[in-house]
Structure formats: C-alpha cells, structure tokens
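What follows is a short report on a single structure.
The values are calculated or read from the model by the stated rules, or taken from the named source; none is laboratory data. Remember, predicted model here, so these are calculated numbers, not experimental data. Reconstructed Cβ throughout: ideal geometry from the backbone, glycine too, with neighbour counts over all protein chains shown.
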Amino acid sequence: MNETTLDAVLGGRLRLLQPANGHRAGTDAVLAAAAVPAAPGESVADLGAGVGTIGLAVLARTAGATALLVEIDAASAELAARNAEANGFGERARVLTADVARIGLGETARLAGTVDHAVSNPPFNAAAGRRPPDATRARARVDPGDLVPVWTRAAARLLRAGGSLTLIHRPDALARVLAALDGRFGGTTLRFVHAAADGEAVRVLIQARKGSRAPLRVLAPLVLHREEGGFTAEAEAIHRDLVPLDMRGK
C-alpha cells in the first residue's frame, strides 16, 4: 500500500487514514456529508467512497445511522474499512469493493430498494483534460464521460421510493446532472457554493428524491469564506460542529 497519513477532520471528530498523495478528504466531501438528510436509524450509501469520508461523516453526526461504502479501488476500500473500525463505526459501516455501475445488480441485487439516502462526490475532471499518471488517482479525479448518468441509475436502483440522492459537482456540469436525474428523480434542490461572497460559484450541491414530481428549487447560496479571511459562521459550523447543511429551504 502507498504511504498514508492520519488526518483529523470535522474538528477532530473523525480521523482518517488516507493516501499521502492523490485524492484526499476536503471541503467537497464535508459539504456533501452535511447535506445528506439522514435521520437516526436510517441508511446511506456513499458511492465512490474512497477512504470513507462522506459516509463516516454522516455516521458521526447521525445516531444509529448505517452506511454502505462502495469503492472500486481495493486499496482505498481497505482504508475505508480501517477508518470505520478506528472511528468506532465497525458495526454501522459496511465496505463493498465494487463498481458503482453494477451496484444493485447481479450478486448485489439484494441491495436494490433498501437504502434511504445515497450520496456521492464523483470525479469532476473531463476525460479530455490532462490525466494524472497514476491509474488510481485518475479514476478518483476523471469522469470518463458517462459517469453521472451511470451512477445516477445505480443510486435509483439502491434507493427506496422517496429516498434522497445528494451530489456535489462543478457548476458547469449542472445541465448533465439534471438530465441524468430526469425521469427517475424530482423535487430537485440546488444550492450553489461560493468561495467568497463576490465570487462565482465553485461548486453546486444537488439533492433530489426518487420518484418525486415536485418542481426544482434554487436555495440561497452557501458562502465559505469571509472577506477578512477564515470560514463564514455557516461554513465553520459545518466543518467543526457537524451542523447539517440546509437543503430544504424555508
């Protein structure tokens, strides 16, 4: 296994073994986890879980919740399992080394329709761009072109009727994401994320419900940083105090 580091996230409430180089836990994963509307005792599937950041963060703030961490890379999946045990979630988290595209089919067909919430921080970069030389890093960062619709179909298979899907992506991918949701999901809610109040959106959080016919809504944006530096009060509460991120609106 490649060199790893042990890092604290969520104000030290979660400690993660992760690769020293390559894709690492950051704000995207924290925001996606905070947006999952999991209630105590419900289940969440983290699709493309990596070392388990999102799914384990949901468990850290949701009493009695359970997580299915789906990761195709065996080394990352091993780290996810170690992280679950080290953080006291060994009984509440299950790691599945599998291709998200095949989840809920074949040997995993029994999982279809059993999950309350699905969440993903999928690879963002276009396949036509510069690829990382390492195959594992490339898989974690590069979208081959059909990933969003394929993973959205996988989430729809896993989710119960009315279950939620939460994604974080780049704003320029929004049209593709909405097209992938169409026909399977509705009640879509968007919340754009800005690094600064006077800057363009750098991410968009997307949440939808399986089978819903409710109209799309756009909520007030989330601003991460204050003009004078440091997190805004809302961003600080999410990163340090596990405060859920509002995706319901008023």
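Observations on the structure shown:
- Among the candidates Gly113, Gly104, Gly90, residue that is assigned to a loop (DSSP other than H, G, I, E, B), buried (at least 18 other Cβ atoms within 10 Å of the Cβ) and among the small types (Gly, Ala, Ser): Gly104
- The residue list Ala57, Ala29, Ala8, Ala25 contains one member that is hydrophobic (A, V, I, L, M, F, W, C) and either assigned to a loop (DSSP other than H, G, I, E, B) or closer than 17 Å to Ile72 by Cα (or both), which is Ala25.
- Subset of the range 79-101 [more than 17 Å from Ala57 (Cα to Cα) and of a type in the set (S, T, N, Q)]: Thr97
- Among the residues making up the range 231-250, those that are more than 19 Å from Thr189 (Cβ to Cβ), touching a residue at least 60 places away in the same chain (Cβ under 8 Å) and surrounded by fewer than 17 Cβ atoms within 10 Å (Cβ to Cβ) are Arg240, Asp241.
- Selection from the range 26-85 of residues that are under 20 Å from Ile206 (Cβ atoms) and charged (D, E, K, R): Asp28, Glu42, Asp46
- Residue in the range 80-97 that is at pLDDT 95 or above, closer than 16 Å to Ala156 by Cα and acidic (Asp, Glu) present: no
- Failed condition for Thr166, given (1) out of contact with any strand residue (DSSP E or B) (no Cβ under 7 Å at 6 or more places or on another chain); (2) at pLDDT 95 or above; (3) not charged (D, E, K, R): (1)
- Residue, surrounded by the fewest Cβ atoms within 10 Å (Cβ to Cβ), within the range 61-87, restricted to residues that are among the charged types (D, E, K, R), in contact with a Leu (Cβ under 9 Å, 6 or more places away or on another chain) and closer than 23 Å to Leu31 by Cβ: Arg61
- Scanning the range 77-87 for residues that are more than 12 Å from Leu47 (Cα to Cα) and in a helix (DSSP H, G or I) yields Glu78, Leu79, Ala80, Ala81, Arg82, Asn83, Ala84, Glu85, Ala86.
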